[in-house]
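The structure appears below as structure tokens.
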Amino acid sequence: MTYVCGTISLTKMLSRIAVQHSLRIPFFLRHSLLGNPSVGGFSEPFATNHRFFTKAAAQPVDAELKSAEFKIVYRFPYIRAARLITRLKLYQTGLTVIAIPPACYAYLTDIINLNACIATMSVASFASMMLVIMSNLLQRVLGLVAVNNDLQYARFSHLDFWGRRQDVYVPFEDVMTLSDISENKDDIFVKIRRFSNKNFFYLSLRLGRIDDLEKLQLLIGSVSSNQ
């Protein structure tokens, strides 16, 4: 109890010092120590972090960002093909899994032998495993990258498990540059990482189309292989 109270007091003191002296604190430290600064000041750290992960607290921010104007700076032309693959894989896996109960029933009634039943279950298991692997890969591919007018937020558009578009809004200062993570810019896909979590996306500088090079480089750093 003493440790928790001391931690809260220390955090409050840090927040007051940061506000009084206008200190620039890294994004991940602001959220972990000082709470959410997006409401015009540093608030209670533990209570804010708890509310930050609730759906009710995220709605005003999401509504404001969704209504803001974003300009597309990068697009991946093959994202529709990735969506089609995701949908087909879902249908294939569903059909093979649905075939398991009839195959078991047919085996129990001596319509098919054991090998045929095992083959059906093996195909269904393999299809499910491939669905998980391919979905995990395709969900990380960025189809669109857009930035708002004041260059404070970026919108990452990617596919979800069902092949539908999902938008993620990320502060500029939360995005690592390519030089920070030593990515090879000549690779077909490079990783886009964030400071606040370990998740990452894939972006293709070779296959994708860059609509605004200057703003894209403000977000992820230089995209030239010579730098």
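Protection proxy ranking of 105-114, 176-185, by the mean of other Cβ atoms within 10 Å over each peptide's residues and highest first, is 176-185, 105-114.
For the range 86-191, rounded, prolate or oblate, judged on the Cα gyration tensor with a ≥ b ≥ c (square roots of eigenvalues), a/c < 1.5 rounded, else prolate if a/b > b/c? Note, shape of the range 86-191 comes out prolate.
Think of a 1.4 Å ball rolled over the protein heavy atoms: the range 79-225 then has 57 Å² of accessible area per residue. Between the amide H of Leu144 and those of Phe76, Ser157, distances stay under 5 Å, these residues lying 5 or more places away or on another chain, with hydrogens modeled in the peptide plane.
Taking amide H atoms as placed 1.01 Å from N in the peptide plane, the amide H of Arg194 lies under 5 Å from those of Met176, each 5 or more residues away in sequence or on another chain. The HN-Hα couplings worked out from phi for the range 113-119 by the Karplus form 6.51 cos²θ - 1.76 cosθ + 1.60 (θ = phi - 60°) are 8, 5, 4, 5, 5, 5, 4 Hz, whole numbers, x standing for Gly and Pro.
Placing +1 on the Cβ of every Lys and Arg and -1 on the Cβ of every Asp and Glu, with no other charges, gives the range 112-217 a dipole of roughly 340 debye about its Cα centre.
The values are calculated or read from the model by the stated rules, or taken from the named source; none is laboratory data. Remember, it's a predicted structure, so these values are computed and weren't measured experimentally. Positions of Cβ are generated from backbone atoms using ideal geometry, with glycine treated the same way; all protein chains shown enter the neighbour counts. Note: areas computed on protein heavy atoms with side chains; ligands, DNA, RNA excluded. Shrake-Rupley method; radii C 1.70, N 1.55, O 1.52, S 1.80 Å.
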